[in-house]
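In what follows, a single structure is set out as structure tokens and then discussed.
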Amino acid sequence: MSSATLKILSNPEVIAVNQDKLGVQGEKVALLPSKLINVTADVIVANYSSSFVSDAEPTRFQWTYNAQDSSIRSKHNNYCLTIVDCNTAEAANIIIAPCEINHPQAKCQGKNQQWTYNTADQRIVSKLDGKW
Amino acid sequence: MENGKKKISFLYDYDLFSCSLDVLNFNGPAVDAFTCNGGANQAWLWDSTTGTLRSKQNGLYLTLKPQIEVWAGPLSDGSQAVLLFNRVDSGAEPITVQWTDIGFSAAQQALVRDLWARKDLGTFKESYTSPNIKFHSVMMLKIKPK
């Protein structure tokens with residue numbers, strides 16, 4: 001164990017909080033967006049009027065489709081909707097990340113950032129599994 | 001017709017992906033890529049006027065997960081133990097804890113102490129804003145009303 005770790009674990013003020021006789025567990029009281037613009041982020045679904053949204057810019061809920069490169073971009077920072085690590089397994093995680101479409105060094109050539117939207121059946125389909 | 005392709009869906013239906021169901025998220029807000037199933041949990045209403053993408057399954061909107069978290073719990077002396085979490089994957093930024101989020105009135109004067117550094121940071125009211133907290137880092141405070 002490093003001395004830094006030991007110092008944290010043996011900090012009497014932190015232990016006092018842990019052992020406090022009131023014994024009430026802490027809970028999450030605020031959930032806020034990063035103030036930095038250019039950060040990757042997990043993509044979720046949420047209610048437009050949920051509590052934390054008052055702190056959020058509406059652009060966090062807005063998306064544009066770029067027909068030239070088939071990207072779906074967040075209006076918040078123009079980052080691309082992305083399947084993490086070009087993962088083709090079920091339940092692959094989706095984030096927004098810097099766009100790398102057609103970048104020669106990009107894993108899977110950025111196909112994990114390319115999508116089609118079918119207005120008839122309302123599906124958003126990744127180009128990552130292009131074999132079909 | 002599109003069997004095998006991945007679509008954006010979110011873990012909501014009980015019966016969709018029995019072999020890969022993630023119990024932690026199955027009712028939750030996570031959005032992931034799955035093989036097409038023809039279900040409403042993979043249908044999205046794209047409003048080109050407002051730019052929003054709304055799930056046909058539950059009417060919720062596609063958005064970015066907030067990554068700054070403030071946690072708090074009461075202590076026996078009337079103070080609050082507060083943790084400021086930066087869960088962003090890059091950079092560093094200040095985090096603000098509002099008194100009204102930890103059960104104090106905005107006008108309350110309170111002493112803020114950094115428990116890891118073991119030093120008092122001063123007396124504040126309404127809120128306390130930390131120095132820059134690096135990504136994946138945390139600050140632990142004790143906030144005691146005066």
Just the residues that are touching a residue at least 24 places away in the same chain (Cβ under 8 Å) and closer than 21 Å to B:ALA40 by Cα, please, taken from region A:96-128.
A:TRP115, A:THR116, A:TYR117, A:ILE124, A:SER126, A:LYS127
Taking A:ASP69 as meeting all but one of (1) under 17 Å from A:VAL125 (Cβ atoms); (2) in contact with a Gly (Cβ under 9 Å, 6 or more places away or on another chain); (3) open to solvent by 20 Å² or more (accessible area, probe 1.4 Å); (4) free of Cβ contacts under 8 Å to residues at least 40 places away in the same chain, write down the number of the exception.
(4)
Checking the conditions here, which among B:TRP71, B:TRP44, B:TRP99 is of a type in the set (A, V, I, L, M, F, W, C) and under 16 Å from the mean Cα position of the chain (by Cα)?
B:TRP71
Within region B:59-98, residues within 7 Å of another protein chain (Cβ to nearest Cβ) and outside any strand (DSSP E or B) come out as B:LEU60, B:LYS65, B:PRO66, B:GLN67, B:LEU75, B:SER76, B:VAL88, B:ASP89, B:SER90, B:GLY91
Examine region A:39-55 for a residue that is in a loop (DSSP other than H, G, I, E, B), over 25 Å from B:LYS56 (Cα atoms), without any contact (Cβ under 8 Å) to a residue 40 or more places away in the chain and within 8 Å of chain B (Cβ to nearest Cβ), and state whether such a residue exists.
yes
Every residue from region B:109-120 that is touching a residue at least 12 places away in the same chain (Cβ under 8 Å) and either exposed (fewer than 12 other Cβ atoms within 10 Å of the Cβ) or away from every other protein chain (no Cβ under 12 Å) (or both)
B:GLN109, B:ALA110, B:LEU111, B:VAL112
Hits in region A:76-95 - residues which are modelled with pLDDT of 95 or more and open to solvent by 40 Å² or more (accessible area, probe 1.4 Å):
A:ASN78
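Among the residues of region A:98-132 satisfying the criterion of being among the small types (Gly, Ala, Ser) and surrounded by fewer than 19 Cβ atoms within 10 Å (Cβ to Cβ), which is farthest from the other protein chains (Cβ to nearest Cβ)? Reasoning before the result, please.
If we filter region A:98-132 for residues that are among the small types (Gly, Ala, Ser), which is where we start, we get A:106, A:110, A:120, A:126, A:130.
This time we only want the ones that are surrounded by fewer than 19 Cβ atoms within 10 Å (Cβ to Cβ), so: A:106, A:120, A:130.
Working: A:ALA106: 18, A:ALA120: 11, A:GLY130: 8 Å.
The qualifying residue farthest from the other protein chains (Cβ to nearest Cβ) is A:ALA106.
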Can you tell me which residue in region B:20-35 is modelled with the lowest pLDDT, limited to those that are open to solvent by 20 Å² or more (accessible area, probe 1.4 Å), at the interface with another protein chain (Cβ under 7 Å from one of its Cβ atoms) and over 13 Å from A:VAL45 (Cα atoms)?
B:SER20
Being touching a residue at least 40 places away in the same chain (Cβ under 8 Å) and within 30 Å of A:ILE94 (Cβ to Cβ): is that true of B:LEU60 here?
no
Within region A:12-37, track down each residue that is open to solvent by less than 40 Å² (accessible area, probe 1.4 Å), assigned to a loop (DSSP other than H, G, I, E, B) and either among the small types (Gly, Ala, Ser) or touching a residue at least 24 places away in the same chain (Cβ under 8 Å) (or both).
A:GLY26, A:PRO33, A:SER34
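The values are calculated or read from the model by the stated rules, or taken from the named source; none is laboratory data. Given the structure is predicted, the values throughout are model-derived calculations rather than measurements. Every residue, glycine among them, receives a Cβ derived from its backbone with ideal geometry; neighbour counts consider all protein chains shown. Each accessible area value is taken on the protein alone, full model and side chains, heavy atoms only, with ligands, DNA and RNA left out. Shrake-Rupley method; radii C 1.70, N 1.55, O 1.52, S 1.80 Å.
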